[in-house]
1. Considering each of Y95, Y99 in turn, give the residue that is surrounded by fewer than 23 Cβ atoms within 10 Å (Cβ to Cβ), in contact (Cβ under 8 Å) with a residue 12 or more places away in the chain, aromatic (F, W, Y) and more than 23 Å from T39 (Cα to Cα).
2. If a residue must be touching a helix residue (DSSP H, G or I) at 6+ places or on another chain (Cβ under 8 Å) and within 21 Å of Q143 (Cβ to Cβ), how many such residues does segment 51-64 contain?
3. Could you list all residues from segment 16-29 that are among the aliphatic types (A, V, I, L, M) and farther than 10 Å from L6 by Cβ?
4. Of the residues that make up segment 73-84, is at least one at pLDDT below 95, closer than 26 Å to F175 by Cβ and in contact with an Asp or Glu (Cβ under 8 Å, 6 or more places away or on another chain)?
5. Report those helices (runs of 4 or more DSSP H) wholly inside segment 1-50 carrying at least 2 residues which are of a type in the set (S, T, N, Q).
6. Determine whether A38 is without any contact (Cβ under 8 Å) to a residue 40 or more places away in the chain, closer than 16 Å to A171 by Cβ and crowded, with 19+ Cβ neighbours inside 10 Å.
7. What's the total number of residues in segment 105-139 that are assigned to a loop (DSSP other than H, G, I, E, B), at pLDDT 95 or above and surrounded by fewer than 19 Cβ atoms within 10 Å (Cβ to Cβ)?
8. Within the set of pairs 6 or more residues apart or between chains, which connect a residue that is more than 21 Å from S92 (Cβ to Cβ) inside segment 138-149 to a residue that is among the acidic types (D, E) with Cβ atoms less than 6 Å apart?
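The values are calculated or read from the model by the stated rules, or taken from the named source; none is laboratory data. Since the model is a prediction, treat every value here as computed from it, not as a measurement. All Cβ positions, even for glycine, are placed from backbone atoms using ideal geometry, and neighbour counts span all protein chains on display.
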Amino acid sequence: MNNDELKRLVRTIPDYPKPGIMFRDVTTLISHGEGLRATINNMAEPFIGKGINAVVGIEARGFILGGAIAEKLGVGFVPVRKKGKLPFDTISQTYELEYGTDELEIHTDSINQSAKVLIVDDLIATGGTLEAAGKLVKQLGGQIVAAAFIVDLPDIGGSKKCEQLGIPCHALMEFEGD
């Protein structure tokens with residue numbers, strides 16, 4: 001399946017989680033067997049043979065995608081989770097939400113020094129979680145090769161922020177608006 005066909009599998013839910021928001025729900029895409037397989041293949045393909053050493057997935061949908069992409073690339077998977085969810089020594093990074101802050105963590109032994117890392121999540125909107133995950137990877141000595149997403153919401157500015165951070169941003173599809 002090509003990316004236009006995959007885009008048709010993403011459900012749009014108007015006025016969720018608040019009025020005026022068009023929520024892009026990828027669960028309909030990842031629950032479709034052929035769609036999920038094509039999504040993983042299309043997200044992994046640009047990075048085959050690029051020397052990636054680890055795939056970092058951002059909680060929670062980044063786990064679904066990241067694990068499969070890591071397997072496809074023949075490398076390990078590293079979870080970045082919400083505060084308090086990882087059982088070993090961690091470092092954390094706070095990031096801004098629309099109404100407050102949140103915190104992400106990563107195990108201190110999860111990224112080897114100078115590892116080439118691909119960061120994966122389902123969607124890039126503001127870029128806040130990507131920025132926090134990127135800071136964690138860099139604190140551990142990793143080199144971020146790129147970030148990969150199913151959906152980019154370019155009007156919100158996350159992909160521009162990604163580029164400003166020096167992280168090439170790859171998305172399978174875009175949806176205009178919020």
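1. On the way: Y99 fails: in contact (Cβ under 8 Å) with a residue 12 or more places away in the chain.
Every option except Y95 fails the conditions.
2. Restricting attention to segment 51-64, the residues satisfying the condition of being touching a helix residue (DSSP H, G or I) at 6+ places or on another chain (Cβ under 8 Å) are 52, 54-58, 61, 64.
Imposing the further condition that a residue be within 21 Å of Q143 (Cβ to Cβ) reduces the set to 52, 54-58.
Residues in segment 51-64 being touching a helix residue (DSSP H, G or I) at 6+ places or on another chain (Cβ under 8 Å) and within 21 Å of Q143 (Cβ to Cβ): 6 in total.
3. In the first step, residues of segment 16-29 are kept if they are among the aliphatic types (A, V, I, L, M); the result is 21-22, 26, 29.
Those that are among the aliphatic types (A, V, I, L, M) and farther than 10 Å from L6 by Cβ: I21, M22.
4. no
5. Values: elements: 3-7, 27-30, 33-44.
Where helices (runs of 4 or more DSSP H) fall fully within segment 1-50 and carry at least 2 residues being of a type in the set (S, T, N, Q), they are 27-30, 33-44.
6. Numbers: without any contact (Cβ under 8 Å) to a residue 40 or more places away in the chain: yes; closer than 16 Å to A171 by Cβ: yes; crowded, with 19+ Cβ neighbours inside 10 Å: yes.
Answer is yes for this residue.
7. Here the count works out to 2.
8. Close Cβ pairs satisfying both conditions: F149/D121.
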